[in-house]
Amino acid sequence: MTTVQEPKTDTFDDNDQKPVGYGRMLRKEDPRLIRGRGRFTDDVQLPGMLHLAILRSPFAHAKIVSVDTSAAEAAPGVKAVVTGETLAGLGLAWMPTLSNDVQAVLATDKVRFQGQEVAFVVAEDRYAARDALELIDVEYDVLDPVIDVRQALAPDAPLIRDDLEGKTNNHCFDWETGDADETEAVFARADVVVQQDIVYPRVHPAPMETCGAVADFDAVEGRLKLWSTTQAPHAHRTLYAIVAGLPEHKIQVIAPDIGGGFGNKVPIYPGYVCAIVGSIVTGKPVKWMEDRSENLISTGFARDYIMRGEIAATRDGKILAIRTNVLADHGAFNGTAAPVKYPAGFFGVFTGSYDLEAAYCKMTAVYTNKAPGGVAYACSFRITEAVYLVERIVDCLAAELEMDPAELRLKNFIQPDQFPYTTKTGWVYDSGNYEPTMRQAMDIAGYAELRREQAEKRARGELMGIGISFFTEAVGAGPRKNMDILGLGMADGCELRVHPTGKAVVRLSVKTQGQGHETTFAQIVAEEIGIPPADIEVVHGDTDQTPFGLGTYGSRSTPVSGAAAALVARKVRDKAQLIASAMLEVTVADLDWVKGSFQVKGDPSKSVTIQQIAMRAHGAGDLPDGVEGGLEAQICYNPSNLTYPHGAYICVVDVDPGTAQVKVRRFIAVDDCGTRINPMIIEGQVHGGLTDGVGMALMEMISFDEDGNCLGASLMDYLIPTSLEVPDWETGYTVTPSPHHPIGAKGVGESATVGSPPAIVNAVVDALQPFGVRHADMPLTPSRVWDAMRGRATPPI
Amino acid sequence: MQVPAPFEYERATSVDQAIGLLERLGNSARLVAGGHSLLPMMKLRLANFEYLIDINPLHAELGYIRFEADEVRIGAMTRHRELLESDELAAAFPIFRDAERVIADPVVRNRGTLGGSLCQADPSEDLSAVCTTLDASCVIRGPGGAERVVGMEEFHVGPYETAVGDGEMLIEVRLPVRKQGGSAYEKVERRAGDWAVVSAGAAVWLAPDGTIADARVGLAAVGPNTTGIPEISAALWGNTPAEELYEQAGAIAARSCDPATDQRGSEDYKRHLADELTRRTLRKAVERARS
Ligand SMILES: Cc1cc2nc3c(=O)[nH]c(=O)nc-3n(C[C@H](O)[C@H](O)[C@H](O)COP(=O)(O)OP(=O)(O)OC[C@H]3O[C@@H](n4cnc5c(N)ncnc54)[C@H](O)[C@@H]3O)c2cc1C
């Protein structure tokens, strides 16, 4: 492991031209995105291309009595109308989900959520396709829906999944972790026990670009070319091969530029499969792009956990144990993306950053008549829920003990010498040094001063709150010994080729949705082989052009593929060293690597650059014995453990006592993601995640009425924050490298989304302390805050 | 991309030509001004019209703010942005700038119009509340150049319904100007650019002795239409401005409105806001009237 401190400068210094990789550098992908030259799925235009529109269920739960497509088929411009029955004939009416459940591509028997796919039309243009949907006549027999998740297991609850053999109730799965008896024993002897019901409502990632695909099936070659909005092109290709029975080498999946993913683009949606079927049926390329409402009502949501948290401690504030009971709403089909052995994702890290004696979680997941998902919004494999639970309940404990929440946290941190630290739920935290991170956040905030200001304001009847959250994440899935998705191991390939003139191309299995892979990965490679980032082309997103790997989500790109990129570059450098030794006529051991060239030890005048070596590798003349021509390598990296970034966040809010509006005045985020590659990109990730956090804490929620109508079907109803709701972010960092990652990097993509909601909610609850409020659930809209001030805070569901 | 059902489209060349088209096409036709209320509804297919008559070419004719001796006249095609940026309007009626700052976002404000806002008759429309507060009257033009003038109370017939008939068009809004006036607007929203949870406008005119000569309050999002509350005016007339008076006005606002619980907030909360915002805007309007 090596770690390089970033240069202490705020300038960009033409870093893209230097052989040193790390540091601030403008993003290589930005010129094309800023100048409108990005190429997204909806930009794909092919000769003769047709357009597909999907008819969706208006009901949450209904039997399909009949579907009459005759009028639609006769409509102008319509080329094909396909129903669930048509698909059933092809054996394609159902497909597997990422959690080993099945999901209807087009409904055959029943519809199970509002917005479910029922039929599709392929027509000459998007308008004709959409108009023809109105001509499809579906007769429904409406059934009682299961909307209230707490009633899903009631004996008289309507049965949703009668498609599953032998299924008699709406139970999805049970899961537990930790030791129940040991935890009970610790709780029994604790001085103080605090219990709190906490809801993490259903939210939606709402990426700017909705989901879509262009399918082009060549019947003569038997080849399928699919452009689609996918965060995991290779995993998708393999699944299409399995589902559709197409040979994998005849499928090419291309993820062009993606306008935001946040986990929303991890699953395979029925629409993608419909586009493929549409192309096969019509013999023409077919484009499907969902509209905003379709995206919000039918694609992967996130969260929807109802949690009961309990925490046990001594009177003087030593936390002993945490216990939780979770009711998880999985919607109509279990579409969560998580490694197979982790049905609740990585929720097991709910023990947080604290050294506990015991911990236990019991979870029950159920089906309801709502859209499937559970993966998305900085999916984080459920760490978002876990961190929210622990950081909220720790604050409840602080209130109970009348102890400062910062002090309580500092008192209970896992200490630096305890790493690698095995938690009571079995996770091995790789490294951490929590106190300096926390202290830095408190310093930037001026914590003591803020508390003084708060006391003064309280005396005047003003409502000011200070909220803290300290998180540890588990990211970078994962070791193939225990992590796979539908049998596919979570290791990542990487290929690097240096051209004769010393320029290079690196091919990745992961895929950016805005995270800046084309820059970060060029920098990782540059750091290792001394070719400037500007001279390194990063190729990704096309299965024909890149090695296999499981894609970008769960903050896994840098921890997994980033390690692969560093190691493949080292392989190339090792070979370059052999060639250099021949060029300089010394032994390998006599060479020093000085970023960008090999020098003879003790004689810096004798050296060859990586560019000269590249030319030699491809040129005429002898190479050392046993060394082949060319300068390239490939690798498949299997991480030995996850990485565990951490961070300390402090939020300051003011609440208007008259209107109950919350204003986030300040937000301090100190992140530790190990070695920092491009600090500007890290800050960008943090800024975006913090904004997500403001959205979830204050305004976002997908809610339903009692009939199962989705009340968040447009961005007028489903609010996402704007620049006006967020303060100037104040960021800081510490660096605790990961010991097992080749460059010590830990990943930062989701840190801020995970860490910020509890800080904001803790701040609001703190502001409402004069009203005796100990907890209030998200989203903290003015109306809900006002209810809390009146002592009647209610859960949002 | 959300796509509307098919429709015919024609650009208007003059006010009377547009009215002629409306007359001929009946209620299968609609005017489109800024399009920021109409087009979203059509894309969601909540509204389907066979014909759209685009009156944006009439902006030169109907986009104006004119200051007369005793009234301000604003053309129906005047855009939110023009209302926001007019210093003269802000001087005469600060309530306009208060409101325009919190209506939608710059993109919407660049296109959306005063006429469209009033004719949309959405119970949450901010400019309707502003015009109600300022006791505006609306000039409606019909076939053959016939014009009639109606007050805000009659202009809004119900949610999404106005006094503008088939073959008619709103062309101008008139605001009476009186001495020693002040006005203000406050809105509570869940997020910038969101429709109001509740908003309130207040306008106050002071007598030479400092007592309240006249006062009006207009509320949005607390009933089927933006509502002026005559009882508040009656309670304030002749009194010297004071906190207790605003409290009294707030209490009247809270009990006179008719909000419904929805995703923006509970009925209780909205009543509370009607009270709170009435007090705040009256306080500010008086301050402004004094200065
Ligand atoms: C994202 C977004 C946020 C918004 N937020 C707010 C907000 O916070 N507060 C707020 O008050 N508004 C808000 N609006 C609405 C915005 O102010 C609209 O512009 C306004 O409601 C309608 O004006 P328009 O010119 O766009 O009307 P259009 O959409 O063109 O027309 C609306 C209706 O009025 C009719 N009409 C238009 N002009 C005339 C006329 N001269 N005579 C007769 N009929 C006419 C049309 O036929 C149509 O029925 C928002 C809109 C959007 C898209």
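Pairs needed: first member in region A:759-779, assigned to a helix (DSSP H, G or I); second member anywhere, open to solvent by 10 Å² or more (accessible area, probe 1.4 Å) and not aromatic (F, W, Y); C-beta distance under 6 Å; at least 6 residues apart or different chains.
Once the first residue is assigned to a helix (DSSP H, G or I) and sits in region A:759-779, its partners that are open to solvent by 10 Å² or more (accessible area, probe 1.4 Å) and not aromatic (F, W, Y) give A:N762/A:D395; A:V764/A:V662; A:V765/A:V773; A:A767/A:L463; A:F771/A:M789.
Can you give me the ranges of the helices (runs of 4 or more DSSP H) entirely in region B:114-217 with at least 1 residues that are within 10 Å of the ligand (Cβ to nearest atom), surrounded by 24 or more Cβ atoms within 10 Å (Cβ to Cβ) and modelled with pLDDT of 95 or more? Step through it out loud before you land on a result.
On the way: elements: B:114-120, B:126-133, B:152-155.
Answer list for region B:114-217: B:114-120, B:126-133.
Look at region B:74-113 and say how many of its residues are more than 14 Å from chain A (Cβ to nearest Cβ) and in a loop (DSSP other than H, G, I, E, B).
Here the count works out to 6.
Of the conditions (1) out of contact with any Cys (no Cβ under 8 Å at 6 or more places or on another chain); (2) open to solvent by less than 30 Å² (accessible area, probe 1.4 Å), A:F771 clears all except one; give me its number.
So the condition that A:F771 fails would be (2).
Take A:L690 and decide whether it is modelled with pLDDT of 95 or more, touching a helix residue (DSSP H, G or I) at 6+ places or on another chain (Cβ under 8 Å) and within 14 Å of chain B (Cβ to nearest Cβ).
Working: modelled with pLDDT of 95 or more: yes; touching a helix residue (DSSP H, G or I) at 6+ places or on another chain (Cβ under 8 Å): yes; within 14 Å of chain B (Cβ to nearest Cβ): no.
No; evaluated as a whole, the condition is false for this residue.
What tally of residues in region B:280-291 results from selecting those that are more than 8 Å from chain A (Cβ to nearest Cβ) and within 22 Å of the chain's Cα centre (by Cα)?
Counting residues in region B:280-291 that are more than 8 Å from chain A (Cβ to nearest Cβ) and within 22 Å of the chain's Cα centre (by Cα) gives 8.
Considering only region A:606-626, state which residues are modelled with pLDDT of 95 or more and open to solvent by 80 Å² or more (accessible area, probe 1.4 Å).
Result: A:K606, A:Q612, A:M615.
Considering only region A:416-431, state which residues are closer than 24 Å to A:V194 by Cβ and either open to solvent by 30 Å² or more (accessible area, probe 1.4 Å) or modelled with pLDDT under 95 (or both).
Result: A:K424, single match.
Do the conditions hold for A:P727, that is, is it over 20 Å from the mean Cα position of the chain (by Cα) and open to solvent by less than 30 Å² (accessible area, probe 1.4 Å)?
Values: over 20 Å from the mean Cα position of the chain (by Cα): yes; open to solvent by less than 30 Å² (accessible area, probe 1.4 Å): yes.
For A:P727, the condition - over 20 Å from the mean Cα position of the chain (by Cα) and open to solvent by less than 30 Å² (accessible area, probe 1.4 Å) - is met.
Restricting to region A:714-724, and then to whatever is surrounded by fewer than 20 Cβ atoms within 10 Å (Cβ to Cβ) and not charged (D, E, K, R), can you tell me which residue is farthest from the other protein chains (Cβ to nearest Cβ)? Steps first, answer last, please.
Taking region A:714-724 and keeping what is surrounded by fewer than 20 Cβ atoms within 10 Å (Cβ to Cβ), we get A:714-717, A:720, A:722-724.
Those left that are additionally not charged (D, E, K, R): A:714-716, A:720, A:722-724.
Numbers: A:S714: 7, A:L715: 10, A:M716: 8, A:I720: 8, A:T722: 5, A:S723: 8, A:L724: 4 Å.
Among them, the one singled out is A:L715.
Only one of these is modelled with pLDDT under 95 and touching a strand residue (DSSP E or B) at 6+ places or on another chain (Cβ under 7 Å): A:G551, A:G562, A:G596. Name it.
Details: A:G551 fails: touching a strand residue (DSSP E or B) at 6+ places or on another chain (Cβ under 7 Å); A:G562 fails: modelled with pLDDT under 95.
The match here is A:G596.
Would you mind stating whether A:E407 is touching a Gly at 6+ places or on another chain (Cβ under 8 Å), of a type in the set (D, E, K, R) and touching a residue at least 12 places away in the same chain (Cβ under 8 Å)? I'd like the intermediate steps shown before the answer.
Values: touching a Gly at 6+ places or on another chain (Cβ under 8 Å): yes; of a type in the set (D, E, K, R): yes; touching a residue at least 12 places away in the same chain (Cβ under 8 Å): yes.
Spelling it out, A:E407 is indeed touching a Gly at 6+ places or on another chain (Cβ under 8 Å), of a type in the set (D, E, K, R) and touching a residue at least 12 places away in the same chain (Cβ under 8 Å).
Looking at region B:256-274, I want the residues that are more than 7 Å from chain A (Cβ to nearest Cβ) and more than 13 Å from B:A196 (Cβ to Cβ) and have a partner that is in a loop (DSSP other than H, G, I, E, B) and of a type in the set (S, T, N, Q) with Cβ atoms under 7 Å, at least 6 apart or on another chain. Which pairs are those?
B:E267/B:T261
For region A:488-517, which positions are within 28 Å of A:G619 (Cβ to Cβ), assigned to a loop (DSSP other than H, G, I, E, B) and open to solvent by 10 Å² or more (accessible area, probe 1.4 Å)?
A:H499, A:P500, A:T501, A:K503, listed by residue number.
How many of the residues in region A:315-366 are at pLDDT 95 or above, open to solvent by 10 Å² or more (accessible area, probe 1.4 Å) and under 22 Å from the mean Cα position of the chain (by Cα)?
1
Show the residue pairs meeting these rules: Cβ distance below 6 Å; 6+ apart or different chains; first residue within region A:25-47 and more than 12 Å from A:E518 (Cα to Cα); second residue of a type in the set (V, I, T).
Qualifying pairs under 6 Å: A:T41/A:T229; A:V44/A:V214.
For region A:534-546, check the following and say yes or no: at least one residue is out of contact with any helix residue (DSSP H, G or I) (no Cβ under 8 Å at 6 or more places or on another chain) and part of a loop (DSSP other than H, G, I, E, B).
Within region A:534-546 (the criterion being out of contact with any helix residue (DSSP H, G or I) (no Cβ under 8 Å at 6 or more places or on another chain) and part of a loop (DSSP other than H, G, I, E, B)), the answer is yes, since at least one residue qualifies.
In region A:307-357, how many are farther than 18 Å from A:V186 by Cβ and of a type in the set (D, E, K, R)?
So the answer is 2.
Which members of region A:145-163 meet the condition of being in contact (Cβ under 8 Å) with a residue 40 or more places away in the chain and loosely packed, with under 14 Cβ neighbours inside 10 Å? Before you say what the answer is, go through the steps one by one.
Quick first cut of region A:145-163, residues in contact (Cβ under 8 Å) with a residue 40 or more places away in the chain only: A:145-150, A:152-153, A:158, A:160-163.
Within region A:145-163, A:R150, A:D162 qualify.
Given the conditions (1) modelled with pLDDT of 95 or more; (2) in contact with an Asp or Glu (Cβ under 9 Å, 6 or more places away or on another chain), and given that B:T226 satisfies all but one, which numbered condition is not satisfied?
Going through the list (1) modelled with pLDDT of 95 or more; (2) in contact with an Asp or Glu (Cβ under 9 Å, 6 or more places away or on another chain), B:T226 breaks only (1).
For region B:88-113, how many residues are more than 10 Å from the ligand (Cβ to nearest atom) and buried (at least 17 other Cβ atoms within 10 Å of the Cβ)?
8
What's the total number of residues in region A:518-539 that are open to solvent by 10 Å² or more (accessible area, probe 1.4 Å) and without any contact (Cβ under 8 Å) to a residue 60 or more places away in the chain?
Residues flagged as open to solvent by 10 Å² or more (accessible area, probe 1.4 Å) and without any contact (Cβ under 8 Å) to a residue 60 or more places away in the chain within region A:518-539 amount to 3.
Does any residue in region B:38-51 that is in contact (Cβ under 8 Å) with a residue 40 or more places away in the chain come within less than 6 Å, Cβ to Cβ, of a residue that is within 8 Å of the ligand (Cβ to nearest atom) six or more places away or on a different chain, and which pairs are these?
B:L38/B:V32; B:F49/B:R30
The values are calculated or read from the model by the stated rules, or taken from the named source; none is laboratory data. Every value quoted in this text rests on a predicted model; they were computed, and no experiment measured them. Glycine gets a Cβ as well: all are built from the backbone with ideal geometry, and neighbour counts include every protein chain shown. Ligands, DNA and RNA are excluded from the accessible area calculation, which covers all protein heavy atoms including side chains. Shrake-Rupley method; radii C 1.70, N 1.55, O 1.52, S 1.80 Å.
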